[in-house]
Amino acid sequence: MSERESRTQTPGQYSQATNEPGLRIVPSTMDDRRAIYDVLLNSGVFGQSDAEVVDGMFVEAFTGPSDDNYRFLSCWEGSRLVGFACYGSESMTQGTWDLFWICVSGQLRRRGAGRALLNDVQQRAAQERVRLIVIYTSSTEKYTAARRLYESLGFERVAVVPDYYNNGDDLFIYTKSMTRKE
Ligand SMILES: CC(C)(COP(=O)(O)OP(=O)(O)OC[C@H]1O[C@@H](n2cnc3c(N)ncnc32)[C@H](O)[C@@H]1OP(=O)(O)O)[C@@H](O)C(=O)NCCC(=O)NCCS
(Lines give C-alpha, C1' and ligand atoms only; values in the text may rest on other atoms or scores of the structure.)
Protein backbone atom coordinates (compact mmCIF):
# COMPACT_ATOMS: atom_id res chain seq x y z
CA MET A 1 0.00 0.00 0.00
CA SER A 2 1.39 3.42 -0.92
CA GLU A 3 1.84 6.14 1.67
CA ARG A 4 -1.09 8.02 0.12
CA GLU A 5 -3.36 4.97 0.14
CA SER A 6 -2.53 4.30 3.73
CA ARG A 7 -3.22 7.94 4.63
CA THR A 8 -6.56 8.12 2.83
CA GLN A 9 -7.77 4.89 4.43
CA THR A 10 -6.89 5.84 7.98
CA PRO A 11 -10.22 7.36 9.14
CA GLY A 12 -12.18 4.12 9.08
CA GLN A 13 -9.63 1.45 9.63
CA TYR A 14 -11.26 -0.60 12.35
CA SER A 15 -13.46 -3.62 11.75
CA GLN A 16 -16.97 -3.69 13.11
CA ALA A 17 -19.01 -6.59 14.38
CA THR A 18 -22.65 -6.44 13.36
CA ASN A 19 -25.78 -7.64 15.11
CA GLU A 20 -26.64 -9.66 12.02
CA PRO A 21 -25.29 -13.21 12.36
CA GLY A 22 -22.68 -14.10 9.75
CA LEU A 23 -22.17 -10.56 8.47
CA ARG A 24 -19.01 -8.54 8.85
CA ILE A 25 -18.53 -4.88 7.95
CA VAL A 26 -15.02 -3.63 7.21
CA PRO A 27 -13.51 -0.71 5.32
CA SER A 28 -13.20 -1.70 1.66
CA THR A 29 -9.82 -2.38 0.13
CA MET A 30 -8.73 -2.02 -3.49
CA ASP A 31 -9.26 -5.80 -3.84
CA ASP A 32 -13.04 -5.22 -3.44
CA ARG A 33 -13.26 -3.07 -6.57
CA ARG A 34 -14.61 -5.72 -8.97
CA ALA A 35 -17.03 -7.22 -6.43
CA ILE A 36 -18.52 -3.78 -5.69
CA TYR A 37 -18.93 -3.18 -9.41
CA ASP A 38 -20.76 -6.52 -9.67
CA VAL A 39 -23.04 -5.71 -6.71
CA LEU A 40 -24.18 -2.61 -8.62
CA LEU A 41 -24.76 -4.57 -11.83
CA ASN A 42 -26.76 -7.14 -9.81
CA SER A 43 -28.82 -4.48 -8.06
CA GLY A 44 -31.73 -4.34 -10.50
CA VAL A 45 -31.67 -0.59 -9.89
CA PHE A 46 -28.35 0.67 -11.20
CA GLY A 47 -26.91 0.25 -14.68
CA GLN A 48 -23.44 0.18 -16.10
CA SER A 49 -23.12 3.98 -16.21
CA ASP A 50 -23.91 4.14 -12.46
CA ALA A 51 -21.41 1.36 -11.81
CA GLU A 52 -18.78 3.38 -13.70
CA VAL A 53 -19.52 6.45 -11.55
CA VAL A 54 -19.13 4.45 -8.35
CA ASP A 55 -16.00 2.82 -9.69
CA GLY A 56 -14.51 6.26 -10.31
CA MET A 57 -15.37 7.31 -6.75
CA PHE A 58 -13.91 4.05 -5.46
CA VAL A 59 -10.56 4.61 -7.19
CA GLU A 60 -10.54 8.22 -6.00
CA ALA A 61 -11.13 7.06 -2.44
CA PHE A 62 -7.79 5.29 -2.55
CA THR A 63 -5.75 7.63 -4.70
CA GLY A 64 -7.24 11.10 -4.27
CA PRO A 65 -5.27 13.89 -2.64
CA SER A 66 -7.74 14.75 0.13
CA ASP A 67 -8.46 13.26 3.52
CA ASP A 68 -12.08 14.17 2.80
CA ASN A 69 -12.38 11.50 0.12
CA TYR A 70 -15.32 9.15 -0.10
CA ARG A 71 -15.06 6.14 2.15
CA PHE A 72 -16.32 2.70 1.31
CA LEU A 73 -17.43 -0.10 3.60
CA SER A 74 -17.83 -3.68 2.44
CA CYS A 75 -20.28 -6.16 3.94
CA TRP A 76 -19.01 -9.72 3.88
CA GLU A 77 -20.76 -13.00 4.44
CA GLY A 78 -17.92 -15.49 4.66
CA SER A 79 -15.78 -14.88 1.58
CA ARG A 80 -18.61 -13.25 -0.40
CA LEU A 81 -18.98 -9.48 -0.64
CA VAL A 82 -22.74 -8.98 -0.38
CA GLY A 83 -23.00 -5.19 -0.32
CA PHE A 84 -21.28 -1.89 0.24
CA ALA A 85 -21.86 1.66 1.43
CA CYS A 86 -20.12 4.84 0.35
CA TYR A 87 -20.21 7.97 2.47
CA GLY A 88 -18.18 11.08 3.14
CA SER A 89 -18.13 14.64 4.38
CA GLU A 90 -20.37 17.16 2.68
CA SER A 91 -18.19 19.96 1.40
CA MET A 92 -18.72 23.38 3.01
CA THR A 93 -20.34 21.88 6.12
CA GLN A 94 -19.11 21.32 9.65
CA GLY A 95 -19.66 17.72 10.66
CA THR A 96 -22.20 16.66 8.06
CA TRP A 97 -21.82 13.35 6.26
CA ASP A 98 -23.59 12.28 3.10
CA LEU A 99 -24.48 8.65 2.43
CA PHE A 100 -23.79 8.59 -1.30
CA TRP A 101 -24.53 4.95 -2.08
CA ILE A 102 -25.72 1.83 -0.36
CA CYS A 103 -26.39 -1.36 -2.23
CA VAL A 104 -26.84 -5.05 -1.53
CA SER A 105 -26.63 -7.74 -4.17
CA GLY A 106 -30.07 -8.54 -5.61
CA GLN A 107 -30.24 -12.17 -4.45
CA LEU A 108 -29.02 -11.40 -0.92
CA ARG A 109 -31.56 -8.85 0.27
CA ARG A 110 -33.73 -8.82 3.40
CA ARG A 111 -31.06 -10.56 5.43
CA GLY A 112 -29.86 -7.52 7.31
CA ALA A 113 -26.90 -6.41 5.19
CA GLY A 114 -28.34 -2.98 4.37
CA ARG A 115 -29.18 -2.34 8.02
CA ALA A 116 -25.74 -3.55 9.14
CA LEU A 117 -24.01 -1.23 6.66
CA LEU A 118 -26.03 1.83 7.62
CA ASN A 119 -25.65 1.09 11.33
CA ASP A 120 -21.92 0.86 10.81
CA VAL A 121 -21.84 4.24 9.05
CA GLN A 122 -23.75 5.71 12.01
CA GLN A 123 -21.35 4.21 14.53
CA ARG A 124 -18.39 5.66 12.66
CA ALA A 125 -20.16 9.01 12.47
CA ALA A 126 -20.69 9.01 16.23
CA GLN A 127 -17.02 8.16 16.83
CA GLU A 128 -15.93 11.02 14.59
CA ARG A 129 -18.31 13.51 16.19
CA VAL A 130 -20.38 13.95 13.05
CA ARG A 131 -23.50 16.06 13.72
CA LEU A 132 -25.74 15.08 10.86
CA ILE A 133 -26.09 12.39 8.21
CA VAL A 134 -27.96 13.34 5.05
CA ILE A 135 -29.27 11.04 2.34
CA TYR A 136 -30.63 12.06 -1.05
CA THR A 137 -32.91 9.59 -2.78
CA SER A 138 -35.69 9.26 -5.31
CA SER A 139 -39.43 9.05 -4.72
CA THR A 140 -39.89 6.27 -7.28
CA GLU A 141 -41.01 2.71 -6.69
CA LYS A 142 -37.61 1.12 -7.24
CA TYR A 143 -36.20 3.01 -4.25
CA THR A 144 -38.96 1.90 -1.87
CA ALA A 145 -36.66 -0.58 -0.11
CA ALA A 146 -34.04 2.13 0.43
CA ARG A 147 -36.58 4.60 1.83
CA ARG A 148 -37.97 1.93 4.19
CA LEU A 149 -34.45 1.10 5.35
CA TYR A 150 -33.69 4.76 6.14
CA GLU A 151 -37.01 5.24 7.93
CA SER A 152 -36.55 2.03 9.92
CA LEU A 153 -33.29 3.43 11.29
CA GLY A 154 -34.78 6.75 12.33
CA PHE A 155 -33.95 8.92 9.33
CA GLU A 156 -36.59 11.59 8.75
CA ARG A 157 -37.73 12.91 5.40
CA VAL A 158 -37.12 16.63 5.79
CA ALA A 159 -37.56 17.91 2.24
CA VAL A 160 -39.03 17.05 -1.14
CA VAL A 161 -37.98 18.65 -4.40
CA PRO A 162 -40.69 17.85 -6.93
CA ASP A 163 -39.59 16.64 -10.37
CA TYR A 164 -35.92 16.90 -9.39
CA TYR A 165 -34.65 13.78 -11.15
CA ASN A 166 -37.31 13.83 -13.85
CA ASN A 167 -40.99 14.63 -14.22
CA GLY A 168 -42.74 12.64 -11.48
CA ASP A 169 -39.41 11.60 -9.95
CA ASP A 170 -38.95 13.74 -6.85
CA LEU A 171 -35.88 14.21 -4.68
CA PHE A 172 -36.45 13.08 -1.07
CA ILE A 173 -33.92 14.33 1.47
CA TYR A 174 -33.54 12.32 4.65
CA THR A 175 -31.50 13.37 7.66
CA LYS A 176 -30.62 12.02 11.08
CA SER A 177 -29.06 13.99 13.89
CA MET A 178 -26.13 12.22 15.51
CA THR A 179 -26.23 14.50 18.54
CA ARG A 180 -29.91 14.66 19.44
CA LYS A 181 -30.88 12.22 22.18
CA GLU A 182 -33.86 10.00 21.24
C1 LIG B 1 -31.92 -0.64 0.13
C2 LIG B 1 -31.10 -1.92 0.28
C3 LIG B 1 -29.62 -1.53 0.42
C4 LIG B 1 -31.56 -2.66 1.54
O5 LIG B 1 -30.70 -3.77 1.73
P6 LIG B 1 -31.19 -5.12 2.48
O7 LIG B 1 -29.96 -5.85 2.88
O8 LIG B 1 -32.18 -5.84 1.66
O9 LIG B 1 -31.92 -4.48 3.75
P10 LIG B 1 -32.13 -5.19 5.19
O11 LIG B 1 -32.35 -6.66 5.02
O12 LIG B 1 -31.04 -4.79 6.09
O13 LIG B 1 -33.50 -4.51 5.66
C14 LIG B 1 -33.55 -3.60 6.74
C15 LIG B 1 -34.94 -2.97 6.79
O16 LIG B 1 -35.15 -2.14 5.63
C17 LIG B 1 -36.53 -2.24 5.21
N18 LIG B 1 -36.60 -2.90 3.89
C19 LIG B 1 -35.58 -3.45 3.21
N20 LIG B 1 -36.02 -3.93 2.03
C21 LIG B 1 -37.34 -3.66 1.97
C22 LIG B 1 -38.34 -3.89 0.98
N23 LIG B 1 -38.06 -4.51 -0.19
N24 LIG B 1 -39.59 -3.48 1.23
C25 LIG B 1 -39.91 -2.85 2.40
N26 LIG B 1 -38.99 -2.63 3.38
C27 LIG B 1 -37.72 -3.01 3.15
C28 LIG B 1 -37.22 -3.08 6.28
O29 LIG B 1 -37.63 -2.21 7.31
C30 LIG B 1 -36.07 -3.95 6.75
O31 LIG B 1 -36.25 -4.48 8.04
P32 LIG B 1 -37.01 -5.91 8.21
O33 LIG B 1 -36.39 -6.85 7.23
O34 LIG B 1 -36.72 -6.26 9.64
O35 LIG B 1 -38.45 -5.64 7.91
C36 LIG B 1 -31.32 -2.88 -0.93
O37 LIG B 1 -32.71 -3.08 -1.13
C38 LIG B 1 -30.72 -2.36 -2.22
O39 LIG B 1 -29.54 -2.58 -2.48
N40 LIG B 1 -31.53 -1.69 -3.06
C41 LIG B 1 -31.08 -1.23 -4.36
C42 LIG B 1 -30.07 -0.12 -4.24
C43 LIG B 1 -30.65 1.16 -3.67
O44 LIG B 1 -31.80 1.53 -3.89
N45 LIG B 1 -29.80 1.89 -2.92
C46 LIG B 1 -30.19 3.15 -2.33
C47 LIG B 1 -29.85 4.30 -3.18
S48 LIG B 1 -28.09 4.53 -3.35
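The values are calculated or read from the model by the stated rules, or taken from the named source; none is laboratory data. Keep in mind the model is a prediction, meaning the values are calculated, not measured. Using ideal geometry, Cβ is built from the backbone for each residue, glycine included, and neighbour counts are taken over all protein chains shown.
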*Kindly provide the set of residues from segment 134-169 that are part of a strand (DSSP E or B) and charged (D, E, K, R), ordered by number.*
Glu156, Arg157, Asp163, Asp169
*Number of the condition not met by Lys181 [criteria: (1) modelled with pLDDT of 95 or more; (2) among the basic types (Lys, Arg); (3) farther than 18 Å from Asp120 by Cα]*: (1)
_Candidates Leu108, Leu117 - the one that is under 19 Å from Ser28 (Cβ atoms), near the ligand (Cβ under 8 Å from one of its atoms) and over 15 Å from the mean Cα position of the chain (by Cα)_ = Leu108
*Can you name the helices (runs of 4 or more DSSP H) wholly within segment 31-131 that have at least 2 residues being buried (at least 18 other Cβ atoms within 10 Å of the Cβ) and not hydrophobic (A, V, I, L, M, F, W, C)?*
113-127
_Failed criterion for Gln9 (all others in (1) surrounded by 18 or more Cβ atoms within 10 Å (Cβ to Cβ); (2) within 16 Å of the ligand (Cβ to nearest atom); (3) at pLDDT below 95 hold)_ = (2)
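Looking only at segment 120-133, decide whether some residue is without any contact (Cβ under 8 Å) to a residue 24 or more places away in the chain, within 20 Å of Lys176 (Cα to Cα) and near the ligand (Cβ under 8 Å from one of its atoms).
Within segment 120-133 (the criterion being without any contact (Cβ under 8 Å) to a residue 24 or more places away in the chain, within 20 Å of Lys176 (Cα to Cα) and near the ligand (Cβ under 8 Å from one of its atoms)), the answer is no, since none of the residues qualifies.
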*asked:* Looking only at segment 134-155, count every residue that is more than 9 Å from the ligand (Cβ to nearest atom) and in contact (Cβ under 8 Å) with a residue 40 or more places away in the chain and tell me the total.
replied: 1
